[in-house]
């Protein structure tokens, strides 16, 4: 019995020191030993082989449904006027551009059915569909048994992910977070000075680097010259809480958020000791003026780090960018847009908070192959003369969507949980009314019979 | 492509739906996964709230009528068969359908059935006539508060006058089809399904 414990503790110590030397220390100094790159290369080759094998299997068995990530239907993108105009053209009545016809309803009918079959919004709140299977059971949509070899590779993958990678990643995450709490608390004891700021930055970046290793994250940063500067606001599209780790690997940001209890609260309180972050009490968040004032004060102080904000307000599945809330764009200050695009082949980073809580989400992350993503820093933007916050927000949103190859939607991410506002329906009704009433003089000339 | 739920759809069911509606195998599986993703309660049937959750449908002025078309008389739930039967009306009329004629009974997506479906959008009480009130109801849904009662009334009166041939101040189905005979119903009430 004693002997077993001794062996176990020795093994544990060896394991821990290997982790420290091979992963933690390089992470601290930002050096990569190349393990992750090698791993990704092997993974890519394996997935390509699996894709070819699956495609071959499908060609041999034509009853299997073919995979295609295109939409279900092809839509007409005409406006209401165009479509109804076309409908009416074949109508025998001469219309002079206004008046009602029985076939007008066809337009609304067709649009309604099209939206029931496929709409732009609800698909953004679930994970993206993959074109080809990536050997994870969780993305197994309709991918049936193809061959023994694929199944063996899949089984091997399960073993590697759950028995080798998962414990390693959990260890790293635990080390990273405890390092963050301990390190920031220690730095907090120093008097305010440049030394304190650099040490705080070092502690933060090290911790995030260790966490990134803990997710096998491969991040490619583009246009580093546009990196957010102090006194600015960094704005990015939101896919998951991991976005913070991704961005903070390459720079230091002041976080904005609500005060939590529990483990999050501990982390928040210690972080704020070493450098100023903006944490709000729940009651303060309701008051927009308080929020705006605190953020304004923060960016006015040029020694403080740039604020990191996700204006969508909720996690979207990384195929589109939804409406940016105008609050962050009213504060003034330079906006540094950042586009984040994950590669879903290696692991789906989207947090579907309706389906998974934080812990199961993190476990899913840690049992994926890897997190691979691209980060683009876009040139800074400022409010133009005569532009209001909403237009500015839309301009930034389009720039981010464009860069990341995402669909630019004006729908509110809050539609995940809330109903759509009636005012949109009223807009549609107004548009249609102007079509059938036309100009007032037309109505007056035809009076009631 | 679908969620794992497509395994809940049996091959026999798919074959039956294929015969009934004319959709292809892959279209049925894709539509099933769409049905499943709308079914938040995961009970194999959709309620009106499930449809209302689609924002673009919720802002459609005729959204409620369209949703109603899926639900059989007096019921609150629609299963996948019912869902597909309603959608089948919007399948395009293919050439081979036209050539088949009426051999196996009128297919759901024939011109006549499409028009009948649109007619039923107006004719709520199913008495095969669109009365002035029924027409006004639909008009009111489409224009909201932007047009006064008098104006709307005169629009309705004019519409009925032009369509009504037998003088009963209502629009019957044959009068309805006559008015719309030049409209390309096949194209305007069809959705282009991929594969």
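Take residue A:379 and tell me if it is touching a helix residue (DSSP H, G or I) at 6+ places or on another chain (Cβ under 7 Å), away from chain B (no Cβ under 14 Å) and either at pLDDT below 90 or surrounded by fewer than 14 Cβ atoms within 10 Å (Cβ to Cβ) (or both).
Details: touching a helix residue (DSSP H, G or I) at 6+ places or on another chain (Cβ under 7 Å): yes; away from chain B (no Cβ under 14 Å): yes; either at pLDDT below 90 or surrounded by fewer than 14 Cβ atoms within 10 Å (Cβ to Cβ) (or both): yes.
For residue A:379, the condition - touching a helix residue (DSSP H, G or I) at 6+ places or on another chain (Cβ under 7 Å), away from chain B (no Cβ under 14 Å) and either at pLDDT below 90 or surrounded by fewer than 14 Cβ atoms within 10 Å (Cβ to Cβ) (or both) - is met.
Scan segment B:120-131 and give yes if some residue there is in contact with a strand residue (DSSP E or B) (Cβ under 6 Å, 6 or more places away or on another chain), more than 9 Å from chain A (Cβ to nearest Cβ) and modelled with pLDDT under 90, otherwise no.
Kept after step one, since they are in contact with a strand residue (DSSP E or B) (Cβ under 6 Å, 6 or more places away or on another chain), are these residues of segment B:120-131: B:122-123, B:129-130.
Filter once more, so that each one left must be more than 9 Å from chain A (Cβ to nearest Cβ): B:123, B:129.
Adding the requirement that they be modelled with pLDDT under 90 leaves B:123, B:129.
The answer is yes, given that some residue of segment B:120-131 is in contact with a strand residue (DSSP E or B) (Cβ under 6 Å, 6 or more places away or on another chain), more than 9 Å from chain A (Cβ to nearest Cβ) and modelled with pLDDT under 90.
Applying the selection to segment A:240-273, what residues are modelled with pLDDT under 85 and buried (at least 16 other Cβ atoms within 10 Å of the Cβ)?
Result: A:257, single match.
Would a scan of segment A:142-154 turn up a residue that is within 14 Å of another protein chain (Cβ to nearest Cβ), closer than 27 Å to residue A:374 by Cβ and surrounded by 17 or more Cβ atoms within 10 Å (Cβ to Cβ)? I'd like the intermediate steps shown before the answer.
Going residue by residue through segment A:142-154, those that are within 14 Å of another protein chain (Cβ to nearest Cβ) are A:142-145.
In the following step, the residues that additionally are closer than 27 Å to residue A:374 by Cβ were identified as A:143.
Next cut, surrounded by 17 or more Cβ atoms within 10 Å (Cβ to Cβ) only: A:143.
Scanning segment A:142-154, I find at least one residue that is within 14 Å of another protein chain (Cβ to nearest Cβ), closer than 27 Å to residue A:374 by Cβ and surrounded by 17 or more Cβ atoms within 10 Å (Cβ to Cβ), so the answer is yes.
Within segment B:17-48, which residues are without any contact (Cβ under 8 Å) to a residue 40 or more places away in the chain, part of a helix (DSSP H, G or I) and more than 10 Å from every other protein chain (Cβ to nearest Cβ)?
Within segment B:17-48, B:18, B:19, B:36, B:48 meet the criteria.
For segment B:132-141: of the residues being under 25 Å from residue B:72 (Cβ atoms) and within 9 Å of chain A (Cβ to nearest Cβ), which is nearest to the chain's Cα centre (by Cα)?
Taking segment B:132-141 first, the residues under 25 Å from residue B:72 (Cβ atoms) are B:133-135, B:137-138, B:141.
Now narrow it down to the ones that are within 9 Å of chain A (Cβ to nearest Cβ): B:135, B:138, B:141.
Numbers: B:135: 17, B:138: 15, B:141: 17 Å.
That would be B:138.
Within segment A:394-420, restricting attention to residues that are surrounded by fewer than 15 Cβ atoms within 10 Å (Cβ to Cβ) and out of contact with any strand residue (DSSP E or B) (no Cβ under 9 Å at 6 or more places or on another chain), which residue is farthest from residue A:226 (Cα to Cα)?
A:419
What pairs come out if I take residues in segment A:421-448 that are under 14 Å from residue B:144 (Cβ atoms) and more than 9 Å from chain B (Cβ to nearest Cβ) and pair them with residues that are at pLDDT below 50 and exposed (fewer than 15 other Cβ atoms within 10 Å of the Cβ) whose C-beta lies under 9 Å away, six or more apart or interchain?
Once the first residue is under 14 Å from residue B:144 (Cβ atoms) and more than 9 Å from chain B (Cβ to nearest Cβ) and sits in segment A:421-448, its partners that are at pLDDT below 50 and exposed (fewer than 15 other Cβ atoms within 10 Å of the Cβ) give A:435/A:97.
Just checking, does segment B:145-167 include any residue being assigned to a loop (DSSP other than H, G, I, E, B), farther than 17 Å from residue B:65 by Cα and touching a residue at least 40 places away in the same chain (Cβ under 8 Å)? Give the derivation first.
First, pick out the residues of segment B:145-167 that are assigned to a loop (DSSP other than H, G, I, E, B): B:145-148, B:164-167.
Then drop every residue that is not farther than 17 Å from residue B:65 by Cα, which leaves B:145-148, B:164-167.
Now drop any that are not touching a residue at least 40 places away in the same chain (Cβ under 8 Å), which leaves none.
No: zero hits.
The values are calculated or read from the model by the stated rules, or taken from the named source; none is laboratory data. These numbers were taken from a predicted model, which means no experiment stands behind them. No Cβ is skipped: glycine too gets one built from the backbone with ideal geometry, and neighbour counts run over all protein chains shown.
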